[in-house]
Amino acid sequence: MKINVDGDVNLLIGFRGLGVVIRDSMGDLMLVAYKGLHGMFSPKVTVLYAAIMGLQIASQMGHRSVILEMDAKEIIMNLQTYEQSWSVEGALVDEVRGLFNRFDHISCHFAPRECN
């Protein structure tokens, strides 16, 4: 199954939106989830929160093999390397990596915004 995640930021009102779309192996829609957050954090942090939400949902649905897809190349690179970071973003990257342990197989892929 494929988990597509994205985040959106409105700096004027300090609002962030997390989006998750889950599709089965045939590309059929299984679930759409959205969550709004208030706070002042970076777009990268917003996408990481969306990834956490998507992986938690997929795990609760009982899926064991997933593709995590997003339009944030830097986050994908962070998830695929194991360099320690003590920043807030680094802690969230570690949290996403920890969620990987809930699955038998997981891969991360870049999808351009037009596909996301």
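Summary of computed values
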read-out	value
Number of positions in the range 96-112 that are of a type outside the set (Phe, Trp, Tyr), out of contact with any Phe, Trp or Tyr (no Cβ under 8 Å at 6 or more places or on another chain), outside any helix (DSSP H, G or I) and in contact (Cβ under 8 Å) with a residue 12 or more places away in the chain	8
Subset tally (residues that are of a type in the set (Ser, Thr, Tyr), surrounded by fewer than 14 Cβ atoms within 10 Å (Cβ to Cβ) and modelled with pLDDT of 90 or more) for the range 36-85	1
Subset of the range 67-85 (residues that are of a type outside the set (Phe, Trp, Tyr) and in a loop (DSSP other than H, G, I, E, B))	71, 72, 81, 83, 84, 85
Which listed residue, of 30, 1, is over 20 Å from residue 112 (Cα atoms), surrounded by 15 or more Cβ atoms within 10 Å (Cβ to Cβ) and modelled with pLDDT of 90 or more	30
Test: residue in the range 26-41 that is in contact (Cβ under 8 Å) with a residue 24 or more places away in the chain, among the β-branched types (Val, Ile, Thr) and within 22 Å of residue 109 (Cα to Cα)	no
Residues (part of a helix (DSSP H, G or I), among the small types (Gly, Ala, Ser) and modelled with pLDDT under 90) located in the range 86-95	90
Residues (aliphatic (A, V, I, L, M), more than 21 Å from residue 15 (Cα to Cα) and touching a residue at least 60 places away in the same chain (Cβ under 8 Å)) located in the range 42-92	66, 67, 68
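The values are calculated or read from the model by the stated rules, or taken from the named source; none is laboratory data. In this text, all values refer to a predicted model and were calculated from it rather than measured experimentally. Here the Cβ is made from the backbone with ideal geometry for all residues, glycine too, and neighbour counts use every protein chain on show.
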